[in-house]
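J.: Handing you this structure, nothing more for now.
The values are calculated or read from the model by the stated rules, or taken from the named source; none is laboratory data. Everything numeric in this text was worked out from a predicted model, so none of it was measured. Counting neighbours? That spans all protein chains shown, and the Cβs are built from the backbone with ideal geometry, glycine included. When the accessible area is computed, the model is the full protein with side chains, heavy atoms only, and any ligands, DNA or RNA have been set aside. Shrake-Rupley method; radii C 1.70, N 1.55, O 1.52, S 1.80 Å.
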Amino acid sequence: MALLENKVAFVSGGGSGIGRAVAEAYAREGAKVVISDINAEHGDETVKAIKDAGGEAFFIKGDSSSASDNKRMVETVVEKYGSLDIACNNAGTGGPAKPTGQYEPEEWDKVIALNLNGVFYACRYQLEQMEKNGGGSIVNIASIHGQVAAPNSPAYTASKHAVVGLSKNIAVEYAQKNIRCNAVGPGYIETALLKNNLDKSAMDAVAAKAPMNRLGTSEEIAELVVFLSSEKASYTTGSYIIADGGYTSV
C-alpha cells in the first residue's frame, strides 16, 4: 500500500522547485493533492504532470502571504475532498541581497510577510481543520538558514529561524491532538531559480559549500517531506531536519 493512500495533501508554492517535487511525490504515494501558487500557469503544469502520471490533483491560485487566502484555500480543500490530512507549507522568497544596515523596511516586510506570516496563516487554518479531522501532519519548509547565517539576507535568515521555532511550538501544543508538525531545512538545491541566476562557476562555488560537493535535488527534499508526512514518522514531531549535503556539519 502506498504511504499516503486515501490522504488529502496540500502544498503551497507547488508550481515549481521543491513544492512541485513534493506535490508529485505526495501523488505517487497515493494522496489527493491540492496545489497552490501565485503563478497559475506553473500550478496548472504541476497538476497536469500529476494527472498524466495517474494521480489526482487540482490547483488553487492563492497568495500565501494573505491570511484570507490561506483561510480560503483550506476551505476549498475541504469542499473538494472533505478533509485535510497533510500540509506542506513551502511558499517563500529570498529577498534582495544586502547587509542588514542597508535593508529597506519595505524589503524586510515583504520577506517576512511570505516566509513567516504566510506560514503562520497557513498553519492557523490547517490546524483548525486538522482538529476537526482528529489528526494530521504539517511540514514547514525552512532552510539551513533556520540554523546558520546567510550573510546579506537578514530577513530570510530571521524568517527561517522563526519558522523552525513556530513549528516546534505547534508540535508541543498539538502533540496530544494527533497532529504532528516538523520543519525541514534544505541546503543548496538545484532549482530553476538557482540555475537562472548563476553561471556555472557560481553554481560550482555554491555546490562546494557542502562536503558532498554537489547541489541537492528537489526530489531528495521531497522524499524527506513524504516520510515526515506519513505514518512512518508517527513518533516524530517538533523536529527540524536538515538535508544539506553536510553543509552545517563543518
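J.: Is there a residue in segment 19-28 that is in a loop (DSSP other than H, G, I, E, B) and farther than 17 Å from Ala122 by Cα?
T.: No.
J.: Taking segment 157-180 as the search range and keeping residues that are over 15 Å from Asn89 (Cβ atoms) and aliphatic (A, V, I, L, M), which one is surrounded by the fewest Cβ atoms within 10 Å (Cβ to Cβ)?
T.: Ranking the candidates gives Val172 first.
J.: Here's another thing I want to ask about it. Go through segment 224-250 and count every residue that is open to solvent by 50 Å² or more (accessible area, probe 1.4 Å), of a type in the set (A, V, I, L, M, F, W, C) and assigned to a helix (DSSP H, G or I).
T.: Summing the residues that are open to solvent by 50 Å² or more (accessible area, probe 1.4 Å), of a type in the set (A, V, I, L, M, F, W, C) and assigned to a helix (DSSP H, G or I) in segment 224-250 gives 1.
J.: Taking only segment 181-214 into account, find how many residues are open to solvent by 20 Å² or more (accessible area, probe 1.4 Å) and in contact with an Asp or Glu (Cβ under 6 Å, 6 or more places away or on another chain).
T.: 0
J.: Does Gly134 satisfy the condition of being over 19 Å from Gly19 (Cβ atoms) and either surrounded by fewer than 19 Cβ atoms within 10 Å (Cβ to Cβ) or at pLDDT 95 or above (or both)?
T.: In short, yes.
J.: While we're here: If only one of Thr100, Thr76 is out of contact with any helix residue (DSSP H, G or I) (no Cβ under 8 Å at 6 or more places or on another chain) and in contact (Cβ under 8 Å) with a residue 40 or more places away in the chain, which one is it?
T.: Thr76
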